[in-house]
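Values in this text are rule-based calculations from the coordinates and carry no lab data. Small disclaimer: the values here were computed from a predicted structure and weren't measured. Heads up, the Cβs are rebuilt from the backbone with ideal geometry, glycines too, and the neighbour counts pull from every protein chain shown.
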Amino acid sequence: MTNIGFIGLGNMGGPMAANLVRAGHRVTGFDLSAQSCEAAREAGVAIAADAPGAVAEAEVVITMLPAGRHVIEVFGTILPAMRDGALVIDCSTIDVDSARKAHEIAAQKNCFSLDAPVSGGVGGAQAATLTFMAGGATEAFAKAEPILLQMGRKAVHCGAAGAGQAAKICNNMILGISMIGVAEAFVLAEKLGLSHQALFDVASTSSGQCWSLTTYCPVPGPVPTSPANNDYKPGFAAGLMLKDLGLAQEAAQTSGAVTPLGEHARAIYEHFNAQGFADKDFSAIVEHLRAGRD
Ligand code: NAD
């Protein structure tokens, strides 16, 4: 049993904290939203009056927050209240620079730290099947791994501070680009009189094969579990895809990487979001392309 502090009990953090309670840990949490706190309380999380109160006794602290500015603000608030030598794991998806700054804040208090964003979405958070990609010292990862594996089924140590966020945004840039590629192929196939199933049967066993096609097919039919069969209910919302593609472009600019398809994918999702589809699954981009937009 470990004393765990958990800040950010939203769509992802709530079920992750609940899984830690189920695993036998004493979890004390805090969120600005009373509704999130109440749901977590029902799952067995003790709710503190504020963020420092949630971490004071903790050996391990986990944060799951919207963006870099929230993480920096919360780290500034909680680190003075944390025990020396405790471990803080930020699982939010944030920019690499903020992630590195968060590590620096933790180091000033002699705390171990990891950036450990996740892949797997709300379903993965509920089912404890997330994949964690972690950046930080080897010792910090060794301490964190058993806890991470109670919220997920895989944890990869990607390298030093910020490496987890770097892996996350590179992976999601591939995902955004590949989903648009697969969706464009289905739209072209429709124009050419080729059935969805025929394209799927060929491409899923040929060189066009990829996750966006075989697991998350953007048209209904070929993969019955994909969001296309459920009116594009997320899954992974287009708003979050736009966030991640924006983070990838920020990182490309600051590092000098040339990523023209990543930028084009970001612009396409920006247009899609601006038309009011931020809450649709990101694979609904096929409808946007079919309507002749880009
Ligand atoms: P969410 O908006 O549901 O939850 C974030 C929570 O943080 C909210 O409940 C909010 O009240 C709380 N919060 C914000 N500032 C706070 C503060 N200062 N102190 C305490 N609580 C504060 O978002 P989510 O879907 O849970 O996503 C969290 C993170 O996980 C994001 O970085 C997101 O990009 C990432 N992520 C989300 C998914 C997904 O499918 N939802 C998948 C992978 C990664």
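Before moving on, here are some points about what is shown:
- Value of relative contact order over the chain, rounded to a whole percent, pairs C-alpha under 8 Å and six or more apart: 13 percent
- Neighbour-count ranking [beta-carbon atoms within 10 angstrom, fewest first] of C217, C170, C158: C170, C158, C217
- Comparing D115, D31, D201 in a Gaussian network model of the chain (Cα springs below 10 Å), the most mobile by mean-square fluctuation is D201.
- Where labels lie 7 Å past Cα in the beta-carbon direction, separation of L32 and A142 in nm: 3.8 nm
- Each DSSP beta bridge with both residues in the chain is either parallel or antiparallel, and the antiparallel ones are about 15%.
- Three-way shape label, the chain, alpha-carbon gyration tensor, a/c 1.5: prolate
- The order of D84, D90, D50, going from fewest to most other C-beta atoms within 10 Å of their C-beta, is D84, D50, D90.
- Once the Cα-Cα distance is subtracted from the 0.36 nm per residue extended length, the M1 to V122 segment shows a gain of 41.0 nm.
- FRET efficiency for the E184 to Q275 pair, using the beta carbon distance and R₀ = 25 Å, is estimated at 0.90.
- Quick note on the range 155-211: its Rg to Rh ratio, both from C-alpha atoms and Rh being the Kirkwood radius, is 1.20.
- For K191 and K233, a Förster radius of 22 Å and the Cβ-Cβ distance give a FRET efficiency of 0.20, rounded to the nearest 0.05.
- C-alpha long axis of helix 163-191 to longest principal axis of the chain, angle in °: 20 degrees
- Label separation (D84 vs T225): 4.9 nm, computed from points 7 Å beyond Cα along the C-beta direction.
- Reach of K109 by Cα under 30 Å, taken over lysines that are not fewer than 8 positions away in the same chain: K101, K143, K154, K168
- The modelled label-to-label distance for the pair A56/Q150, using points 7 Å beyond Cα in the direction of Cβ, is 2.3 nm.
- Bridgeable lysines around K233 (alpha carbons under 19 Å apart, same-chain partners fewer than 8 residues away excluded): K243, K280.
- Burial ordering of H271, H288, H70, fewest other beta-carbon atoms within 10 Å first: H271, H70, H288
- The chain, dipole about Cα centre (Lys/Arg Cβ +1, Asp/Glu Cβ -1), debye to the nearest 20: 320 debye
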